[in-house]
Amino acid sequence: MRLKLSMIAWICMGFFSLAAQDTVNRKYGEMVTVTDLKDNLTILASDAMEGRETGKRGQKMAAAFIKAHFEELGLAGPVNGDYYQPVELHSSKPGEIYLKAAGATYKNFDGVAYVGSAETNGEVQMDAVFVGKGTKEDFEQVNVEGKAAVILLGSEQSSRGPSALAREHGAKFVICFNPVAAESEKLMEQYKRYLSGSSLSLEKAAPRNSGLFFVSPEIASKIMNASIEKLTGAAGPDAKKNALKKIKPGSLAYKTSQEWLTVKSENVLGYLEGGDKKDELVVVTAHYDHIGKRSGGEGDLINNGADDDGSGTVTVMQLAKVFAQAKTDGNGPRRSMLFMTVTGEEEGLLGSAYYSEHPVFPLENTVVDLNIDMIGRRDAEHKDSAPYVYVIGSDRLSTELHELSESVNKRYTGLIFDYTYNDENHPTRLYQRSDHWNFAKKNIPIIFYFDGIHEDYHRPSDEVEKIEFDLLAKRAQCVFYTAWEIANRDERIVPDAK
C-alpha cells in the first residue's frame, strides 16, 4: 500500500509540474498581442520607410527602428558589440552599350537590347553569319567560328537553345531578332523595363559568356545587308537546300560595359543568452527589406510591404520582447536565442546567404531556424477558412522537428497547418525561396511560416489596413510556442540521419 501511495504521489507531482509549466508557457504566449504587432507594423510599413529597398534610405531607417527595439529590450548586440552585421553588396547596371551596322550607331534600348554583363573594354568588330532559326541542321550549313551568329526567333521561341548551339560551333557573339516589327517592339519594351535597372549580388560576378543582343528586324537587315523577306525565306520551311549559304556574311561592331557600385546594407541581430544550454542557439528570422518605390501613372508608388515581410519582421520583434521579459522574470530560455531580421531577401536571399557564410555563432551549435515570411493575410484558397498557416520544410531535414511542430500547435494554437507548398514538386518551389533556405543548405532544421500568395503581393496595395491582426497574432503565438519548446527541452532538435 505504501508503494502504491508513493507512485500516486509521484504521478501527481509530475502532473502538477506539467500543469505549472503549461501555465508559464501560456502566460508568455499571451504577451504576443495585437496592439504591439499593430503599433510596430504601422511604423515599419509606413510611407516614411519608402518601401525599405535594400541599400536605400528607407531600409536604413527600418534597420535603425529594429535596432532601437532590440536595445530597449536589453538584448545584446552580438557583432562585436553591435546589432548590425554589415553586408556589402555589389550593384551593376548597363553602362555604355551600343551596336553599329551599315554606318549607323544604335544605343542600348534604342532598337537593340543587350542581355549580359560582359565588358568588351572598347569596340569590337566582327563578321556576322545568318544561321536561320539556329537549329542543328542550320548550323551544319554555315561556319560561325569566331563570328557573330545572327538568329531568327519566333515569338514563342527561346534564345537559350540556339545561343548554346552557336557557342558550341565557335560563335564569338550572338544576335537574335524577331522578324515581326510589332512583336519586336513589344519585346524591346520588356527588355528595357527589366534590364535598365540595377541588380545586387554578394560578389562582383564574372559573366559566364559575352551575352547577346536582341535587335529589331530593320537592324538585322542592315547587319546582313539583306531584306527581311530574303532572311525569312532562307529560314522558312519552303527554303531550298543550303539556302543559308547563299546569304552573304555581314558585319557589325559593338561595345558593352557595366557600371559597378558598392551598396552597404546590414542584417540586424539581437541576442538573448540562454541558461544551462546557452551554447546551443535557436534562430528566428524574417526579412525586413522590400522592393521600394516603383514608377506608376501617377508618379512614384511606394510598395510598403505590410505583409511582405513587415508581418514577419514585427513578429520577430514581438517574440524578442516576450523572451526578454521571460528572462527578466527568471524564466529565461535554456538555449540562447538569436532574433535576426535580414536584408536583401528580395534581391536573392542575400542577407541570409551572407550570414550562413559568415555566421556570428557556430552553425554546428545552431539548432533550428524558424523563418517567418508573410503571415498577416489570407490567400484566395483560404478566404472562408478557419485560422490557418502554410508550413513549409518542417519535415525536410528533421522528423523530430515536424512532430514537435504538430504537437505544439495542437496543444496551444490549433491552427490549420496547410502543407500544400511543402510538396517537393510544387511549381512555386517556395522551400528554396525565403531565408530559411540558406540554413537548410547547411543541414540546419527549419520551418517556414507563410500565408500564401495574395492579390497584393509585390504591389503598392500591400498596406497595413489589409492585415488581419487577430490572425497575425495567432500565427505569431504559434511560432512563439514552437520556439519556446525547442529552446527549453532537454535534448536539442537533430537532423535525420542521412
| note | Given the conditions (1) polar (S, T, N, Q); (2) over 22 Å from S196 (Cα atoms); (3) crowded, with 18+ Cβ neighbours inside 10 Å, every one holds for Q125 apart from (3)
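Take E88 and decide whether it is modelled with pLDDT of 95 or more, of a type in the set (D, E) and within 30 Å of T313 (Cα to Cα).
Details: modelled with pLDDT of 95 or more: yes; of a type in the set (D, E): yes; within 30 Å of T313 (Cα to Cα): yes.
Taking the combined requirement at face value, the residue satisfies it.
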| One residue from T120, T105 being open to solvent by 10 Å² or more (accessible area, probe 1.4 Å), closer than 29 Å to E185 by Cα and either of a type in the set (F, W, Y) or in contact with a Ser or Thr (Cβ under 9 Å, 6 or more places away or on another chain) (or both) | T120
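Identify, from the list E119, E71, E50, the residue that is free of Cβ contacts under 8 Å to residues at least 60 places away in the same chain and touching a strand residue (DSSP E or B) at 6+ places or on another chain (Cβ under 9 Å).
Sole residue among the options that is free of Cβ contacts under 8 Å to residues at least 60 places away in the same chain and touching a strand residue (DSSP E or B) at 6+ places or on another chain (Cβ under 9 Å): E71.
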| field | Residue match in region 214-221 (condition: in contact with a strand residue (DSSP E or B) (Cβ under 6 Å, 6 or more places away or on another chain), free of Cβ contacts under 8 Å to residues at least 60 places away in the same chain and in a strand (DSSP E or B)) | value | no
| task | Go through region 431-471 and give me each residue that's within 13 Å of N304 (Cβ to Cβ), open to solvent by 60 Å² or more (accessible area, probe 1.4 Å) and in a helix (DSSP H, G or I). | result | E465, K466
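Does G95 fit the bill of being within 21 Å of M224 (Cβ to Cβ) and exposed (fewer than 15 other Cβ atoms within 10 Å of the Cβ)?
Details: within 21 Å of M224 (Cβ to Cβ): no; exposed (fewer than 15 other Cβ atoms within 10 Å of the Cβ): yes.
The answer is no for G95.
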| Inside region 329-360, can you point out the residues that are open to solvent by 10 Å² or more (accessible area, probe 1.4 Å) and under 23 Å from Y481 (Cβ atoms)? | D329, G330, N331, G332, R334
| field | Count - residues of region 241-256 that are surrounded by fewer than 16 Cβ atoms within 10 Å (Cβ to Cβ) and in a strand (DSSP E or B) | value | 1
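Being outside any helix (DSSP H, G or I), in contact with a helix residue (DSSP H, G or I) (Cβ under 6 Å, 6 or more places away or on another chain) and at pLDDT 95 or above is the requirement here; does F339 meet it?
Numbers: outside any helix (DSSP H, G or I): yes; in contact with a helix residue (DSSP H, G or I) (Cβ under 6 Å, 6 or more places away or on another chain): yes; at pLDDT 95 or above: yes.
It is true that F339 is outside any helix (DSSP H, G or I), in contact with a helix residue (DSSP H, G or I) (Cβ under 6 Å, 6 or more places away or on another chain) and at pLDDT 95 or above.
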| Selection count where residues are at pLDDT below 95 and hydroxyl-bearing (S, T, Y), scope region 421-444 | 1
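Kindly evaluate K67 against the criterion of being crowded, with 17+ Cβ neighbours inside 10 Å and either among the basic types (K, R) or in a strand (DSSP E or B) (or both).
Numbers: crowded, with 17+ Cβ neighbours inside 10 Å: yes; either among the basic types (K, R) or in a strand (DSSP E or B) (or both): yes.
The answer is yes for K67.
Filter region 377-395 down to the residues that are crowded, with 20+ Cβ neighbours inside 10 Å and out of contact with any Lys or Arg (no Cβ under 8 Å at 6 or more places or on another chain), then identify the one that is nearest to R334 (Cα to Cα).
Going through region 377-395, the residues crowded, with 20+ Cβ neighbours inside 10 Å turn out to be 377, 389-394.
Narrowing the set further to residues that are out of contact with any Lys or Arg (no Cβ under 8 Å at 6 or more places or on another chain) leaves 390-394.
Details: Y390: 28, V391: 26, I392: 26, G393: 25, S394: 22 Å.
Only one residue fits best here, namely S394.
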| note | Here the residues within region 396-408 that are open to solvent by less than 10 Å² (accessible area, probe 1.4 Å) and not hydrophobic (A, V, I, L, M, F, W, C) are S398, S405
| Name the residues in region 244-273 that are over 31 Å from the mean Cα position of the chain (by Cα) and small (G, A, S), would you? | G250, S251, A253
| remark: The one condition G74 fails out of (1) surrounded by 17 or more Cβ atoms within 10 Å (Cβ to Cβ); (2) within 30 Å of L41 (Cβ to Cβ) is (1)
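Pick from K93, K107, K133, K147: which is in contact with a strand residue (DSSP E or B) (Cβ under 9 Å, 6 or more places away or on another chain), free of Cβ contacts under 8 Å to residues at least 24 places away in the same chain and of a type outside the set (S, T, Y)?
Details: K93 fails: free of Cβ contacts under 8 Å to residues at least 24 places away in the same chain; K133 fails: free of Cβ contacts under 8 Å to residues at least 24 places away in the same chain; K147 fails: free of Cβ contacts under 8 Å to residues at least 24 places away in the same chain.
Unique residue meeting the criteria: K107.
Take the conditions among the charged types (D, E, K, R) and free of Cβ contacts under 8 Å to residues at least 40 places away in the same chain and apply them to D423. Does it pass?
Details: among the charged types (D, E, K, R): yes; free of Cβ contacts under 8 Å to residues at least 40 places away in the same chain: yes.
When the stated conditions are applied, D423 passes them.
Filter region 367-390 for residues that are in a loop (DSSP other than H, G, I, E, B) and not hydrophobic (A, V, I, L, M, F, W, C) and give the result. Full working, then the answer.
Let us first name the residues in region 367-390 that are in a loop (DSSP other than H, G, I, E, B), namely 373-379, 383-387.
If the condition is that a residue be in a loop (DSSP other than H, G, I, E, B) and not hydrophobic (A, V, I, L, M, F, W, C), then D373, G376, R377, R378, D379, K383, D384, S385, P387 are the ones that fit.
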| query | In this structure, is F448 among the hydrophobic types (A, V, I, L, M, F, W, C) and over 20 Å from V316 (Cβ atoms)? | reply | no
| remark: Exactly one of P359, P333 is without any contact (Cβ under 8 Å) to a residue 12 or more places away in the chain and in a loop (DSSP other than H, G, I, E, B), and that residue is P359
| field | Condition check for A118: within 30 Å of K466 (Cβ to Cβ) and of a type outside the set (S, T, N, Q) | value | no
| said: Of all residues being among the charged types (D, E, K, R) and in a loop (DSSP other than H, G, I, E, B) in region 257-296, which is least open to solvent (accessible area, probe 1.4 Å)? Just the residue, please. | reply: D289
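Please list, ordered by residue number, the strands (runs of 3 or more DSSP E) wholly in region 132-209 having 1 or more residues that are closer than 22 Å to G111 by Cβ and either out of contact with any Pro (no Cβ under 9 Å at 6 or more places or on another chain) or open to solvent by 70 Å² or more (accessible area, probe 1.4 Å) (or both).
Numbers: elements: 148-152, 173-177, 199-201.
Because the criterion is at least 1 residues that are closer than 22 Å to G111 by Cβ and either out of contact with any Pro (no Cβ under 9 Å at 6 or more places or on another chain) or open to solvent by 70 Å² or more (accessible area, probe 1.4 Å) (or both), the strands (runs of 3 or more DSSP E) in region 132-209 that meet it are 148-152, 173-177.
The values are calculated or read from the model by the stated rules, or taken from the named source; none is laboratory data. Here the structure is a predicted model, which means the values were calculated and not measured. Glycine gets a Cβ as well: all are built from the backbone with ideal geometry, and neighbour counts include every protein chain shown. Keep in mind that these areas ignore ligands, DNA and RNA; they rest on the heavy atoms of the full protein, side chains included. Shrake-Rupley method; radii C 1.70, N 1.55, O 1.52, S 1.80 Å.
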